[in-house]
1. Just to confirm my numbers, what's the Cα centroid distance between the range 61-112 and the range 137-190 in Å?
2. If packing is taken as the average number of other Cβ atoms within 10 Å across a peptide's residues, how do 22-29, 147-154 rank, most packed first?
3. Evaluated at 4 °C with a viscosity of 1.567 mPa s, what Stokes-Einstein diffusion coefficient in µm²/s does the chain have when Rh comes from the Kirkwood expression over alpha-carbon pairs?
4. What ranking do 205-213, 123-131, 74-82 get when scored by the average of other Cβ atoms within 10 Å per residue, highest first?
5. Suppose only helical runs count, i.e. DSSP H with n ≥ 4. What mean residue ellipticity at 222 nm does that imply for the chain under -39500 (n - 2.57) per run, divided by all residues and rounded to the nearest 500 deg cm²/dmol?
6. Would you mind classifying the range 153-225 by shape? Square roots of the alpha carbon gyration tensor eigenvalues, ordered a ≥ b ≥ c; an a/c under 1.5 is rounded, otherwise it is prolate if a/b is larger than b/c and oblate if not.
7. Would you mind checking the range 144-169 for residues with the amide N under 14 Å from a putative spin-label position 7 Å along Cα→C-beta of residue 195?
8. Calculate how many DSSP beta bridges within the chain are antiparallel, expressed in % of all such bridges and rounded to the nearest 5.
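None of the figures in this text is laboratory data; all of them are computed from the coordinates on show. Values in this document were obtained by computation on a predicted structure and should not be read as measured data. Cβ: placed from backbone, ideal geometry, glycine included. Neighbour counts: every protein chain shown.
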């Protein structure tokens, strides 16, 4: 993980990311040169749903939650994001308002790429345009799977799947990813998460090491997760 990036470092950091793989050096330099580096404290809002978009954000380090709030005040977390990931992509591309809220779960360092710079780079480099299409379709597929999980499966199944996904996706663990954040991501309550964790422990699938959750029998967890 690269920390405290300069604009020159940022061009290298972007290489290999979903949107920026195989781009011309001139395109990477344009994107890096127009980006602005910002820091956020835990709990600080980065962007607010309904406000005019400033552009697309790229996370250098830290954890960010993307969420919406119901009229009654209930929060649903759409994404938990970490190092190297992007957010606010769609409004940066279509010029619309921010589609959801974004807030720091931990100390966050992120780069803001202005929407006009992203669109200008896409006009210059067809590879970037194709990469953006590929990246957005991948995100849509993940959202469809999330909707299926929320609609079709119990909290126990959803939490078992979440724990399995943590192994492959570091963004789902680490600083700020508390039981409250997990509950909002799985559309339930922190108390329910605690209850289900105890059930998974009693089933022999996990154990607790202080505040960490350790998978001790992945086969059992997979049976519970129905995968």
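1. 15
2. On the way: 22-29: 15.2, 147-154: 12.4.
Taking the mean over residues of other Cβ atoms within 10 Å, the ranking is 22-29, 147-154.
3. Details: Rh = 18.7 Å.
The diffusion coefficient I find is 69 µm²/s.
4. Working: 205-213: 12.7, 123-131: 15.2, 74-82: 19.3.
Ranking the peptides 205-213, 123-131, 74-82 by packing returns 74-82, 123-131, 205-213.
5. Numbers: 9 runs with 103 residues, N = 227.
Value at 222 nm, helices only, nearest 500: -14000 deg cm²/dmol.
6. Working: a/c = 1.33, a/b = 1.16, b/c = 1.14.
It is rounded, given that a/c, with a ≥ b ≥ c, falls under 1.5.
7. 154-157
8. Numbers: 30 of 30 bridges.
Antiparallel: roughly 100 percent of the beta bridges in the chain.
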